[in-house]
Protein chains: 2
Amino acid sequence: MVETMREGWTELEGWTDPEQSVAKEAFERAYGRAVERLVTALRDRAAALHSAESVWQLHDYLSIERHTMEGRFDFRLDGILFVFASLVKDDLLTIDELAGLDAEKLAKIAAMSRF
Amino acid sequence: MVETMREGWTELEGWTDPEQSVAKEAFERAYGRAVERLVTALRDRAAALHSAESVWQLHDYLSIERHTMEGRFDFRLDGILFVFASLVKDDLLTIDELAGLDAEKLAKIAAMSRF
């Protein structure tokens with residue numbers, strides 16, 4: 001099992017308390033899955049190392065993944081619906097796991113996740 | 001097995017051809033061992049990953065190792081005896097594997113490797 005996120009959680013202005021809880025829990029769940037996925041990929045790659053070049057490629061891969069995750073899981077109100085849509089699209093979250101958000105937010109997330 | 005170094009080899013001015021060969025072969029051998037050692041460490045660390053934090057620590061570790069190796073195996077005449085001494089000290093090379101260098105060079109390398 002992976003740890004949950006360490007970063008602070010920003011209050012989402014205009015969201016109800018139950019919505020905040022749903023969003024926070026969904027976000028941490030997706031983060032945990034992203035880390036699990038990365039750990040699995042790293043183990044596979046480590047097992048296949050065979051040269052200095054492959055070690056540096058692993059390093060480059062990890063640099064990019066870290067940068068991507070730091071950007072992706074930097075939780076802000078701006079674009080939060082888009083962030084959720086991208087997590088759904090990337091199979092890190094299901095729409096069901098966002099149950100509790102109001103219908104309009106859910107509809108937007110679902111629609112965007114299909115792009 | 002790991003690949004040998006890809007970087008070019010600088011001629012060592014004032015060294016005989018046989019000495020050049022001994023130095024080059026020893027250097028590549030030490031590089032191969034350093035890579036093998038790093039690969040083993042990476043596999044062990046990958047197997048022990050359990051959190052996002054441990055993944056970022058692996059990344060930091062790899063960044064430092066890469067930097068160290070790029071500096072250490074950048075072959076130049078300046079300080080080449082010291083480089084060999086540090087490789088011997090770090091168990092990446094034995095004095096025996098430098099047989100063929102003249103006695104004075106070997107004595108210097110052996111002496112420095114004990115510091």
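The values are calculated or read from the model by the stated rules, or taken from the named source; none is laboratory data. What you see is a predicted model, and the numbers here were worked out from it, not measured in a lab. Neighbour counts run over all protein chains shown; Cβ positions are idealised from the backbone, glycine included. Protein only, heavy atoms only, side chains kept; ligands, DNA and RNA dropped before computing areas. Shrake-Rupley method; radii C 1.70, N 1.55, O 1.52, S 1.80 Å.
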Inset, instruction - Rounded to the nearest 500, what is the 222 nm mean residue ellipticity of the protein assembly as shown from helices alone, with -39500 (n - 2.57) per DSSP H run of 4+ residues and division by all residues? - result: -21500 deg cm²/dmol
Legend entry - Overall form of the range B:26-69 per C-alpha gyration tensor (a/c, 1.5; a/b vs b/c): oblate
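Just give me a number: lysine pairs in the protein assembly as shown, eight or more positions apart or cross-chain, with C-alpha atoms less than 15 Å apart. Let's see the in-between values first.
Values: A:Lys24/A:Lys105; A:Lys89/A:Lys108; B:Lys24/B:Lys105; B:Lys89/B:Lys108.
Taking the Cα cut-off of 15 Å, the pair count is 4.
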Legend entry - Cut-off 14 Å between beta-carbons: net charge of the residues surrounding B:Leu92, Lys and Arg +1, Asp and Glu -1: -3
Inset, instruction - Select from the range B:63-115 those trypsin sites (Lys or Arg not before Pro) which occupy a DSSP coil region and have at most 15 other Cβ atoms within 10 Å, ordered by residue number. - result: B:Arg76, B:Arg114
Inset, instruction - Using a 1.4 Å probe and ignoring any ligands, DNA or RNA, find the accessible area of B:Val55 and quote it in Å² to the nearest 10. - result: 0
Inset, instruction - Give me the accessible area per residue for the protein assembly as shown, probe 1.4 Å, as a whole number in Å². - result: 57
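For the pair A:Thr94 and A:Gln57, what calculated FRET efficiency results from E = 1/(1 + (r/R0)^6), where r is the Cβ-Cβ distance and R0 = 35 Å, to the nearest 0.05? Before the final figure, lay out each step's value.
Numbers: r = 33 Å, r/R0 = 0.93.
Computed FRET efficiency for A:Gln57 and A:Thr94: 0.60.
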Inset, instruction - Calculate I(q)/I(0) for the protein assembly as shown by the Debye formula, one identical point scatterer on each C-alpha and no solvent, and give its log10 at q = 0.11 Å⁻¹ to two decimals. - result: -0.69
Inset, instruction - Quick one: angle between helix B:52-72 and the longest Cα principal axis of chain B, in degrees between 0 and 90, rounded to 10, please. - result: 10
Inset, instruction - Among the GluC sites (Glu not before Pro) in the range B:11-106, which ones are in a DSSP loop with at most 15 other Cβ atoms within 10 Å of the Cβ? Mind listing them? - result: B:Glu11, B:Glu13
Legend entry - Distance histogram in 10 Å bins (all Cα pairs of chain A, percent per bin): 13, 40, 28, 14, 5, 0
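What dipole magnitude, in Debye to the nearest 20, does chain B give about its Cα centre under +1 on Lys/Arg Cβ and -1 on Asp/Glu Cβ?
Numbers: 14 positive and 22 negative charges, 76 e Å.
Result for chain B is approximately 360 debye, rounded to the nearest 20.
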Legend entry - Spin-label pair B:Leu106/A:Arg37, simplified geometry with 7 Å Cα→Cβ offset, distance in nm: 5.8
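With +1 assigned to the C-beta of every Lys and Arg and -1 to the C-beta of every Asp and Glu, and no other charges, what is the dipole magnitude of the protein assembly as shown about the Cα centre in debye, to the nearest 20?
280
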Inset, instruction - Have a look at B:Val22, B:Leu92, B:Leu106 and report the one farthest towards the positive end of the charge dipole of chain B, computed about the Cα centre with Cβ charges (Lys/Arg +1, Asp/Glu -1). - result: B:Leu92
Legend entry - Accessible area buried at the B-A interface, both sides summed, 1.4 Å probe (Å², nearest 100): 2400
Inset, instruction - Using only Cα atoms, find the angle between the long axis of helix A:17-47 and the longest principal axis of chain A, and express it within 0 to 90 degrees, rounded to the nearest 10. - result: 10
Inset, instruction - First compute the accessible area of the range A:13-99 with a 1.4 Å probe, then give the percent of it belonging to carbon and sulfur atoms. - result: 51
Inset, instruction - Could I have the simple spin-label model distance between A:Arg114 and B:Asp44, label points 7 Å from Cα toward Cβ, reported in nm to one decimal? - result: 5.2
